[in-house]
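Take a look at the structure set out below.
Derivation of every value follows stated rules applied to the coordinates shown; laboratory data play no part. Quantities reported herein were computed from a predicted structural model and do not represent experimental measurements. Quick reminder, even Gly has a Cβ in these numbers, built from the backbone with ideal geometry, and neighbours come from all protein chains shown.
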Amino acid sequence: MTATPSRRTRLWWGLAALILAALAFWLWASGLFGVWLHYRSMQQAAAQWQDKGIWLPYYTARIEAKAVEGLGDNLSGLTWAPETDTLFAVINRPPAIAELSPEGQLLRLIPLEGSRDPEGITHVAASVFIISDEASQSLNWVVIRPGTKVVDLAGTPHLALNYGSFQNMGFEGVSWDGNRDLLLIAQEMLPIRVLMVTGLSAAIAGEGFSVSVSEWQPGDRFSHFTTDLSSLSAHDATGNLLLLSDMTGSLAEYAPDGSPVSVMPLWAGWHGLKEDIPQAEGLAVDSRGDIYIVSEPNLFYRFSRDPAPAWAGQGGICPGCAPG
């Protein structure tokens, strides 16, 4: 049976539509479309944010893919503690907390008991931290002091949130927003979302239980441009929010109102990177403006900014930095 010209035309149009749909899906899944959207937004945001925001185009890798000696696998969530000027990360198998120097050296490893799958950690104040467990969708308040030898979640204040996420696609990152006194939670996917939990400080202090959960949304028409969220970090100095995506391979900055500000691809040839960052899992920013990323199994990255950010109050933190 020979196809008529009109039928052949329909077949060709159908094939072309399938190819275009596959290309569109690839552009979205690869992160190219989302990064392009953010670059367009950066052109509009530059005048307002390049001097007072984090402004990711100014960042260059200063430590790249450094293996953290003493750690094997499963390095995950990350946070910076100003009191010690060190970083704290969680390891999910076996559960543990690692304290790291800003140069990526392992300072100590603290066993974490009572947790099945810790994925996120955030510093709250002094020696108080919050650890998220993806398996139980729980948040636990813990105290980590210089002399702490082991952290046991038994008996610690905790909050369980059941949002029906699929196994291993739940709470991937947490970050304490000191400006607004709330906790931000990154849900990995299905759906991708950022949750805001308020009322926690009062509840922990015994001042009544009035905890509420709402969803933070990006302030653009495309919503989340990434295929997943692996971590996040609220930045008190600017009020902005950083979102990290492993699958998209990018770091994005948002203003307090949710509007996109800047973006940093985590790809070879960009921002001084010689190779792509594989499986980026943890994110933190210190008071100098340095950005830290850890990736599984145990790789450490530090990015520095030039010119020095005005909000850091320090000059010359990274001479010679320039976007790659």
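When Lys and Arg each count +1 and Asp and Glu each count -1, what net charge do the other residues less than 13 Å away from Ala284, Cβ to Cβ, add up to?
-4
Which order do the peptides 226-233, 46-53 come out in when sorted by mean C-beta neighbours inside 10 angstrom, highest first? Each step should come with its number before you reach the end.
Values: 226-233: 24.2, 46-53: 14.9.
Highest-to-lowest ranking by the protection proxy: 226-233, 46-53.
Multiply the residue gap between Trp36 and Ala135 by 0.36 nm, knock off their C-alpha separation, and tell me the result in nm, one decimal place.
Numbers: separation 99, 0.36 × 99 = 35.64 nm, distance 3.43 nm.
Using 0.36 nm per residue and subtracting the Cα-Cα distance, I get 32.2 nm.
Mind checking which aspartates and glutamates have their C-alpha under 13 Å from Lys274, skipping anything on the same chain fewer than 8 residues away?
Correct list for Lys274: Glu64.
I need the peptides 143-149, 95-101 ranked by packing, meaning the mean over residues of other C-beta atoms within 10 angstrom, with the highest value on top.
On the way: 143-149: 11.0, 95-101: 21.0.
Packing order, densest peptide first, comes out as 95-101, 143-149.
Based on the Cβ-Cβ distance of Arg145 and Ser201, what FRET efficiency does E = 1/(1 + (r/R0)^6) give at R0 = 22 Å, to the nearest 0.05? Mind dumping the intermediate values first?
Numbers: r = 20 Å, r/R0 = 0.91.
The calculated FRET efficiency here is 0.65.
Please list 3J(HN,Hα) in residue order for region 236-251, calculated via the Karplus relation 6.51 cos²θ - 1.76 cosθ + 1.60 where θ = phi - 60°; whole Hz, with x for glycine and proline.
4, 5, 10, x, 8, 10, 9, 10, 10, 10, 6, 5, 7, x, 7, 10
5 Å is the cut-off here: which amide hydrogens, built 1.01 Å from N in the peptide plane, fall below it relative to Ser259, excluding neighbours closer than 5 in sequence?
Close amide H contacts, sequence-distant or interchain: Gly219.
Using mean Cβ contacts within 10 Å as the protection proxy, how do 61-74, 107-120 order, highest first? Can you show the working numbers first?
On the way: 61-74: 15.6, 107-120: 19.0.
Order by mean packing, descending: 107-120, 61-74.
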